[in-house]
Every structure is written in structure tokens, then in C-alpha cells.
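The values are calculated or read from the model by the stated rules, or taken from the named source; none is laboratory data. Only a predicted model underlies this, so the values are computations on that prediction, with no experimental measurement involved. Heads up, the Cβs are rebuilt from the backbone with ideal geometry, glycines too, and the neighbour counts pull from every protein chain shown. Just so you know, the surface numbers come from the protein's heavy atoms only, side chains and all, with ligands and any DNA or RNA stripped out. Shrake-Rupley method; radii C 1.70, N 1.55, O 1.52, S 1.80 Å.
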Amino acid sequence: MNHSNGRPMNGQPKSPARTVKEDDDQTDENIFLFVPNLIGYSRVVLALASLYFMPLHPRRCSFLYSVSCLLDALDGWAARKFKQSTRFGAVLDMITDRCTTTCLLVFLATAKPGYSMIFQGLISLDFASHYMHMYSTLSMGGQSESHKNVSAERSWIMNLYYTNKAVLFTACALNELFFIALYLLCFSSPLITPALLPANGSPGNLTSPVGASPIEPFQPTPSLLFPSPFSAAAMEMARANKMDSTVPWILTIACAPVMAFKQGVNVVQLISASKWLAEGDRRDRKKAGLDSRKKRR
């Protein structure tokens, strides 16, 4: 046992006045059990459940994923109603948004390898713009400054995006709906990968020769083709002719302009935050130069 004789580990005596002040600053409130944060935890649970069903069960996944996204608006309302807005809740909310969208885009990049670079670019833009914006807000605006307090002088489009709740909700909701629709389209193709077709070309319900498009997806015995229900072949068979593509295509086309607007906001956010940080760097360098000249005198 280490006896410190009332001194902290660094050997310096602890100031009684400082101890009293720290105790005064503390409260008995449990931030982690605030209502909006409890809603945030439920969003995480729903998102994890949607990931579990994502490879093989598009309807269950889409439902759970959509509920998790919609609760994003509910936790903000709860924070205002119960006066329980916290920095922890804001960060939890942002992390949940970024991670759930990223997981969906990773699946799309896997399901649509020809477009994987586009999905990877969207993931990178999303993380880069939000990280740069959060960091610039903390370093330039201070810890008490909210990342949603963006003046029109800095960027009118970001001011509109963050201060108008209708614009914020619509942009976020339809952006997620666009990617959900793309996800559903992965399960609405009547064709399967030629490599999964039988070698002789026409057993079972196939009536076309080898290499031609099958009229209906081939349905082999699952235990013989892929013992693991989460294998790539199982996901391919789950995709084939799983659902009608009409509604997903309508949602994709309808939400595409809003998705483009949301990605444009991310670009503006990245550029604006970079300029704000550069302004701070120039100010600090100018101040350091003035201090250096004063010392020489």
C-alpha cells in the first residue's frame, strides 16, 4: 500500500480551497441517465440490431435502421423539453449518426463493388467535414460554443442548415432514406452472380444455357452450397429477386437531390472549418511575431 500522508502522488500538498471549489462545482446529477441520453442509447441498440439483419433481412434491417434515425429528432426534443442538453449527449448523437451511416455505406460498397470508391469517398467526406467542424468550433469558439452556432457571415448555407430545424431534419432524413433505398435495391435484382449457377446449365428451375441470364434465381440446397448463413453466397442468394424494385427506385430518385444538397453542405462545412482554423493560425503567428519583436527591444 502506498501511504501519501495526505499528499497527492506528485508530492504537492492539495490546496483546501481548491478542494472546496471542486466539490462546489460537482452536482449529484447523473448525466448518463438524462432522458435524451437514454434515447441515444436506444438508438445505438437499434442500429446494432439493424446491422445484424443487414446481410440477409432487408425489411427488418430497414425498419430498425429507420427507427434509429427518427429517434435522432426525438432526443433533441427531449433535451429541450427537460432542459437536459449536454455536451456528452451532443457528441453521442453525432457519433451514432456517423457510425450508422458509415456501416450502411460499407455494406453498399461491398454489395456494389463497382461503386465502392464513391461510397468510400462519401464516408471520408462525412467524417472529415464533421471532425474539422467540431475541432474548429472547440479551438476557435471555446468549449461552451455549440457546433450548431454558425453565423451567416461565415456561411449562409450552414447557418440555414443548422438553425432551421425543418431544413436540418429534412436533409438528414432524406439523405438516410436515399441510402436505405439503395440498400433495398441490392435485394431487388432478379439476377444472380454467374459463378453461383450450376455447372451443367439447366437443372432445377433454370431454363437458359450457361452464361445466360436465369429466368428465376437458382435455389440450391443451402447446406450444400454455403453452410454459413452469413457467407457471401448466402447474401447473394438473399439478394436475388427478394423484393420488387419499384418503391426503392422511386425513393432513390426522389431523395437524390436532397442527398446531393447534404453532401454539398459537408463540402462547404469542410472548407469553412479549414478557413476558420487558418484564420486562428494567422492570428496566433502574428501575435507570436509581435511578442518576439517586443522581447528584442
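What the table shows:
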{"read-out": "Accessible area of M140 in the full protein assembly, 1.4 Å probe (Å², nearest 10)", "value": "50 Å²"}
{"read-out": "Probe 1.4 Å, all protein chains present, accessible-area order of R283, R297, largest first", "value": "R297, R283"}
{"read-out": "Two-site label geometry, S116 and V167: point separation in nm, points 7 Å out along Cα→Cβ", "value": "3.7 nm"}
{"read-out": "Computed accessible area, F169, all protein chains, 1.4 angstrom probe, square angstrom", "value": "100 Å²"}
{"read-out": "Residues R297 and M134, FRET efficiency given R0 of 30 Å [Cβ-Cβ distance, rounded to 0.05]", "value": "0.15"}
{"read-out": "I39 - accessible surface, heavy atoms, 1.4 Å probe, Å² rounded to 10", "value": "30 Å²"}
{"read-out": "Theoretical FRET efficiency, 1/(1+(r/R0)^6), r = Cβ-Cβ of R87 and I253, R0 30 Å, to 0.05", "value": "0.15"}
{"read-out": "In range of the label at L160: residues from region 254-275 whose backbone nitrogen is under 16 Å from the point 7 Å along Cα→Cβ", "value": "257-269"}
{"read-out": "Zero-based 10 Å bins, Cα pair distances in region 52-92, whole percents", "value": "26, 36, 24, 13, 0"}
{"read-out": "Calculated FRET efficiency for the pair K286/Y41, C-beta based, R₀ 41 Å, to 0.05", "value": "0.35"}
